[in-house]
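First comes the structure, then the notes that go with it.
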Amino acid sequence: MIKYVNRIIYALLIAMGLMLVYNLTDTYARTLYLEEQGQIALENNDLSYFISVRFYDATPVHQETVTVGDVSIDLYIYQGAYVQATDSGYTVVDGLYVLMHQTAGAALTDFFTVRFTSNNVVTQDFMGVRIAGLPLYSVIEENTHAALIKKSLFDSDGVYQTITNMTIFQETDVFASIPLSIDNTQFTVKAAIEDYMINNHGDVPDQSFGEVTMAPVIEIDTRSLVFRNIAIYIVVAVGVTYWIFKARKNLGKKEPTVGVQQDIEKLGEQHRKER
């Protein structure tokens, strides 16, 4: 019974190893692709490549260079939106997308805190993250990892409060405090999309229109590298499995060496004398 239980456990371990190889290889291939293509985009000064919100206005609602000591960061804040399917149709959710391009100084930590304040009424904390090992950072919701900072989060009693400050924390220390003035009139993408769907086309936009840019879907093919590593894993797993079970099967079948045989005979003789 124990033999079969051990075999089941061994098979589960092999399966878990296969899943681990797949996940690690897929993540590595995607990261490598983003690093390579991201570097090309940076060299071409194409920052739009890194905007991961589906719809956005290419003109930032706020742009400035933040300098702290020898660190220099170009800050871009875009308004954006995405369309969410509901039982009654579609809902447009709008908000902000933050992109920071570091051009000088020691790199920030891979994760940090970004706090937005609205009219000293609403305060919201988000997670700052580094993008694919590049000198680029964005801001996401910590729980959902959503790249769009929803405008509705800055409502108080249903009224939007102008965002007046952005504070960047490294650990618990304030790295930079940046005055802002992002008011309700600067959010125009949502109204443009709703107008597109209701009055013009009756469906979700499938291309850029007017001042609204639609971000392309980046498709990353990781199959070749995944298949290669899985094939290597299977070959190694089969070899190890054969060696383990072949060794156990042959255990005790080989003739003992002369020295071992003599020891066995001595033990047998001693056992007979004791009897």
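The values are calculated or read from the model by the stated rules, or taken from the named source; none is laboratory data. Here the structure is a predicted model, which is why all the values come from computation and not from measurement. Virtual Cβ from ideal backbone geometry, glycine too; neighbours counted across all protein chains shown. These area figures cover heavy atoms from the full protein model, side chains too; ligands, DNA and RNA do not enter into them. Shrake-Rupley method; radii C 1.70, N 1.55, O 1.52, S 1.80 Å.
Hey, any idea what Rg/Rh is for the stretch 1-119, computing Rh the Kirkwood way over Cα pairs?
1.18
Once amide H atoms are built 1.01 Å from N in the peptide plane, which residues 5 or more positions from residue 64, or in another chain, come under 5 Å H to H?
75
Put a dot 7 Å past each Cα toward the Cβ at residue 203 and residue 124; how far apart are the dots in nm?
Output for this residue pair reads 3.2 nm.
Taking θ = phi - 60°, what integer Hz values does the Karplus form 6.51 cos²θ - 1.76 cosθ + 1.60 yield along the stretch 224-230, in sequence order, with x for Gly and Pro?
4, 5, 5, 4, 4, 5, 5
Taking the simple approach of a point 7 Å from Cα along Cα-to-Cβ for both residue 181 and residue 143, what is their distance in nm?
Between residue 181 and residue 143, the label points sit 3.4 nm apart.
For the stretch 28-147, give the percent of accessible area contributed by carbon and sulfur heavy atoms, probe 1.4 Å, rounded to a whole number.
Taking all protein chains in place, the stretch 28-147 shows 45 percent carbon and sulfur surface.
Before I look further, what does the stretch 117-218 give for accessible area per residue, probe 1.4 Å, in whole square angstrom?
53
Leaving out ligands and nucleic acids, and using a 1.4 Å probe, what accessible area per residue does the stretch 11-115 come to in Å²?
53
Test of understanding: what is the full-extension gain from residue 221 to residue 72, defined as 0.36 nm times their sequence separation minus their Cα-Cα distance?
Separation in residues times 0.36 nm, less the Cα-Cα distance, equals 50.1 nm.
Got the relative contact order for the stretch 129-194 handy, in percent, Cα pairs under 8 Å and 6 or more residues apart?
17
Go ahead and estimate [θ] at 222 nm for the chain from helices alone: -39,500 (n - 2.57) per DSSP H run with n ≥ 4, summed, over the residue count, rounded to 500.
-12000 deg cm²/dmol
Counting only protein heavy atoms, what percent of the accessible surface of the stretch 208-248 is carbon or sulfur at a 1.4 Å probe?
C and S atoms contribute 68 percent here.
Quote the relative contact order of the chain in percent (integer), defining contacts as alpha-carbon pairs under 8 Å separated by 6+ residues.
Reported as a whole number, the value is 18 percent.
Take the alpha carbon atoms of the stretch 78-156, find their center, do the same for the stretch 1-68, and report the distance between the two centers in whole angstrom.
Result: 18 Å between the Cα centres.
What distance in nm separates the simple spin-label points at residue 36 and residue 9, each placed 7 Å from Cα in the Cβ direction?
So the two model labels end up 4.2 nm from each other.
State whether the stretch 158-244 is rounded, prolate or oblate according to the following rule on the C-alpha gyration tensor (a ≥ b ≥ c being the square roots of its eigenvalues): a/c under 1.5 gives rounded; otherwise a/b larger than b/c gives prolate, and the remaining case gives oblate.
Because a/c hits 1.5 or more and a/b fails to exceed b/c, the stretch 158-244 counts as oblate.
Using 0.36 nm per residue, how much length does the chain from residue 27 to residue 232 gain when fully extended, once their Cα-Cα distance is taken away?
That works out to 72.0 nm of additional length.
For semi-axes √(5λ) of the Cα gyration tensor in Å, the choices are [x] 38, 19, 18; [y] 33, 22, 17; [z] 61, 24, 20; which was calculated from the structure?
Comparing each candidate, only [z] matches the computed number.
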